[in-house]
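To start, the structure under review is shown below, and the notes come after it.
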Amino acid sequence: MRSVLQISGCLLFGLFMLSLSACGGSDSTAGAASGSGSVALLFTDAPTDEFSEINITVNRVILLGENDAATEIFSGEKIINLLDLEHHADLFSMTGNVPAGRYTKIRLLVSNVELVRKDANGDLIEVITPRLPGNGKIDLNPRGAFEVVADQTLMLEIDFDARKSIQYHTLGKGGYVLRPVIFIKRLAHATPGKLVRLSGQVSGLDAPAQTFRLCRTPIVHRENELDSDGAVASHVDLDDAAKWCPLVHVTADTALFGPNGDPITFDDMVNDASVTVLGRLEHAATNEDKPSLTALTVLAGPTGTFRKYTGVVTTGLDASTSQFSVRLAAGQGIAGQDDLPVQIQRGTTIVSRRGEVLDVNALVAGRTVKVLGVLSLADDAPDVIQAAIIFVDMDAPPVKLSGTISHIDSSPAGFTLIADSVGDRCVKLTEDTAIFLVHDNTGSFFSEQTDATALTEGQSVEAYGRYNLEGCLVATTVLAAGN
């Protein structure tokens, strides 16, 4: 039996959003339905701290229907830094008319992956380029088919787990091994958990309705995508997504911030200004309407005005100053700083990695945070980050066990694992446990989400979760060798 850890050359993905409101490149239609609908793919991620960037080059995205009828929903070349997308989703592409019908797979074609390490000053240490599986062809197999309905929008959440996807091998050829650990979930008319990020120019400001149109520009993930004036460089592809101007709703809960990081109001906004919006993507009533965005935070200024600062909370909130302190992680280009104060302002929003809104009690010493804000520098006062939104890591990393199944338990569901380093361990499964079969076939690599019936004695697995009071690992994810 091949070990899961010996499956090589697999692809690591992280967090980004691929929204496809239809498609013009269909090779053949899927199923027997007529008409066309919309498809929005929201990509999200669980983080890894080992690298400063994980850059992937995406060339094609294809929906496969019954009998492998193919509908191409993206063709081109886009480079995404997945680690920039840990807490939110980005709109990756927007195209035209997806044939209505049933689809069973999502195929990604990727031409390059880069794992980037930087030092404490943000200077490059090394770039690792792993081999791509199956000439870069990755098939995603959800549990059950998904259907595109005429004149409706289908939203699918694609969750790439970076922490589980990257492995380092010392045997054989050695080096880094990348393997897709992917969750696919259909989002009904409930809004997705994580926030969606869109950047563009304001148009059609409507003060009575508290709405505006956001005519999109590409999200910049890497410094070389900006020119000397801070604008999107000419080599960055502007596809049909840049022509889409979604309606943005500003509510009583929306916070707005100016380019210097200070709070502003709706009346301070002007048409043609550059802004970035983080909010919830809402279903459209019809295909003509397209999805809209309910804003949680609006950031005025060109892309890159508000930076993301990662660190560990060292002191909790001081009520007299509305500040707390963080110790910044290395590699962010800020040297000589110990604890850096963060200013909570009117409208500063605190959210979890899942997108849940929190209060200031979440700012506990020892927790990792990512602060999106503007660094204010002063000669006669300490530097301070003017915070617009704060992402708090509320969960400890899961425990990982690797080994071979020696016995299957049916009631309660679980198995006994002969773990590689710690001996026998009991593993419990719940109705929420995600189980994947990982396949490495000639010419392609794919993983498929399945259930406990796919597990067998003698099978090589990795189990991720947390221990219960009985000393058993309650698994959130199980990866099993498929062949």
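Some points to look at:
- Surrounding net charge for Ser411, when Lys and Arg each add one and Asp and Glu each subtract one, Cβ distance under 14 Å: -1
- Cβ-derived FRET efficiency at R0 30 Å, Glu66 paired with Ile408, nearest 0.05: 0.35
- Theoretical FRET efficiency, 1/(1+(r/R0)^6), r = Cβ-Cβ of Val270 and Asp49, R0 30 Å, to 0.05: 0.15
- Mean Cβ count within 10 Å, highest first, over the residues of peptides 386-393, 54-61: 386-393, 54-61
- Cα convex hull volume per residue for region 399-481 (Å³): 92
- Net charge of Cβ neighbours under 15 Å - reference Leu473; Lys, Arg +1; Asp, Glu -1: -1
- Calculated P(r) of region 307-392 - Cα pairs past 20 Å, %: 24
- Residues Met155, Met269, Met394, ranked from the fewest to the most other C-beta atoms within 10 Å, line up as Met394, Met269, Met155.
- Radius 15 Å from Cβ of Pro263, net charge of other residues (Lys, Arg +1; Asp, Glu -1): -3
- Taken one residue at a time, the phi angles of region 393-401 give Karplus couplings (6.51, -1.76, 1.60, θ = phi - 60°) of 7, 8, 10, 6, x, x, 7, 10, 10 Hz. Gly and Pro are set to x.
- Looking at region 48-141, the pairs of alpha carbons with a distance over 18 Å make up 56% of the total.
- Evaluating 6.51 cos²θ - 1.76 cosθ + 1.60 at θ = phi - 60° for every residue in region 109-119, the Karplus couplings come out as 10, 10, 9, 7, 9, 10, 9, 10, 10, 10, 8 Hz, glycine and proline recorded as x.
- Packing order of peptides 470-482, 141-153, highest average first: 470-482, 141-153 (average count of other Cβ atoms within 10 Å over each peptide's residues).
- Listed residue (Ala413, Val438, Ala381) projecting farthest to the positive dipole end of region 372-483, Cβ model: Ala413
FYI, it's all coordinate maths here, none of it is from the lab. This structure is a prediction, so every number in the text was calculated from the model and none was measured. Virtual Cβ from ideal backbone geometry, glycine too; neighbours counted across all protein chains shown.
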